[in-house]
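Asks: Just dropping this structure here.
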Amino acid sequence: MLKQRIITALALLPVALGGVFLLPLAPFSVFIAVVIVLAAWEWAGLSGFAHQMVRVGYAALTGIMIFLLSLASSGFLLGAGLTWWLMALMLVISYPDSRPVWQNQMIRLLMGWLVLLPAWGGLVYLKGQPQGNLLILYVFVLVWAADVGAYFAGRAFGRRKLAPSLSPGKTWEGVFGGLFMTSLIALLVGWYQQLSWFECLGLVAITLVVTMVSVLGDLLESMFKREAGLKDSSQLLPGHGGVMDRIDSLTAAVPVFAVFWFLAMAT
């Protein structure tokens, strides 16, 4: 498992960082849109649609919606994303009792847009901010560090299952390991930026929330994969599953972090 994670990271890291640091805002928006459209094709499969015409149609409609949203304000999309992840928390916590709420295939497709579109909007919003590249990199690093910290802490100390009905391998000890890693990163960034203690504590608090939300994104996809009877969202990345398997945590972390930044800039 660790070897697979390392190989995947090494393969995708240059693409992700190149897209963030080398592309101006408009090409970056298109780059992220392509990733989201591919993830939408996978989401249609997770929603129970096996026919390729339906899956391609859903992906194409997602692309059209991204284009239309690019003409609107980002505030609405970020707010929708935050509202959705609060709802998703309830669905994940109450699983499997929450099944009747979202078992309908069309409802699952609608939920896919609530997962994917705010992620696109959050990345584009952050990209357009001063030091936007570093903001995006910070979110990426948080998600990667949480994953690494959870893996090692879970292997060493894991006893209490986080969500056995969704992801039997995840433990609370792993979650705390991820939170510890991301807290250290926040403290290091605060020290490097010479933030006051109050500002530093605020950054740590935001980091902890974003880290927990990234875990929620992972669990939500696990919920849909379990219902669809799938191990991976697709085989678009040979040997490493699909696009959703790589960005599930980011789809949750990015819009929530973007909301925090949006509020910070508004005050």
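Asks: For a test of the definition: using alpha carbon positions, the gyration tensor, and the 1.5 limit on a/c, classify segment 92-211 as rounded, prolate or oblate.
Replies: oblate
Asks: Still on this structure, please answer the following. Could you tell me what fraction of 2.2 N^0.38 Å the Cα radius of gyration of segment 1-112 comes to, as a two-decimal ratio?
Replies: It is 1.26.
Asks: Hey, got the dipole for segment 2-266? About the Cα centre, +1 on K and R Cβ, -1 on D and E Cβ, debye to the nearest 20?
Replies: Taking the Cα centre of segment 2-266 as origin, the dipole is about 460 debye.
Asks: Let me ask something else about it. What percent of all Cα-Cα pairs in segment 129-188 falls into each 10 Å bin, going from 0 up to the bin containing the maximum distance?
Replies: Whole-percent P(r) values from 0 Å outward: 25, 41, 23, 10, 1.
Asks: For segment 2-266, please report how many Lys pairs fall under 22 Å Cα to Cα, leaving out neighbours fewer than 8 apart on the same chain.
Replies: Within segment 2-266, the lysine pair count is 7.
Asks: Normalised by the number of residues in segment 2-266, what is the relative contact order in percent for Cα pairs under 8 Å and 6+ residues apart?
Replies: Taking the mean separation of contacting Cα pairs over the length of segment 2-266, I get 23 percent.
Asks: Could you run the Debye sum over the Cα atoms of segment 52-157, one equal point scatterer each and no solvent, and tell me log10 of I(q)/I(0) at q = 0.13, 0.18, 0.20 Å⁻¹, two decimals?
Replies: -0.69, -1.10, -1.17
Asks: Rounded to two decimals, what ratio of Rg to Rh does segment 136-267 give with C-alpha atoms and a Kirkwood Rh?
Replies: Ratio value, two decimals: 1.01.
Asks: Give me the one-decimal nm value for the distance between modelled label points at residue 141 and residue 159, 7 Å along each residue's Cα-to-Cβ direction.
Replies: 3.4
Asks: Cα convex hull of the chain: mean projected area in nm², to one decimal?
Replies: With the hull built on Cα positions only, its mean projection is 14.0 nm².
Asks: What residue among 198, 260, 54 has its Cα farthest toward the positive end of the dipole of the chain, where the charges are +1 on Lys, Arg and -1 on Asp, Glu, each on the Cβ?
Replies: About the Cα centre, the residue reaching furthest to the positive side is 54.
Asks: OK, next. Report, in whole Å, the centroid distance computed from the Cα atoms of segment 87-157 and segment 177-222.
Replies: 15
Asks: Here's a follow-up. Taking the C-alpha atoms of segment 83-135, how large are the radius of gyration and the largest Cα-Cα span, Dmax, in Å?
Replies: When restricted to Cα atoms, segment 83-135 yields Rg and Dmax of 14.8, 44 Å.
Asks: For segment 2-266, build the charge dipole from Cβ charges (+1 Lys, Arg; -1 Asp, Glu) around the Cα centre, then report which of 106, 24, 77 sits farthest towards its positive end.
Replies: 106
Computed from the coordinates by the stated procedures, all read-outs in this text should not be read as laboratory data. These numbers come from a predicted model, not from an experiment. When we count neighbours, we look across all protein chains shown, and the Cβ atoms used for this are built from the backbone with ideal geometry, even at glycine.
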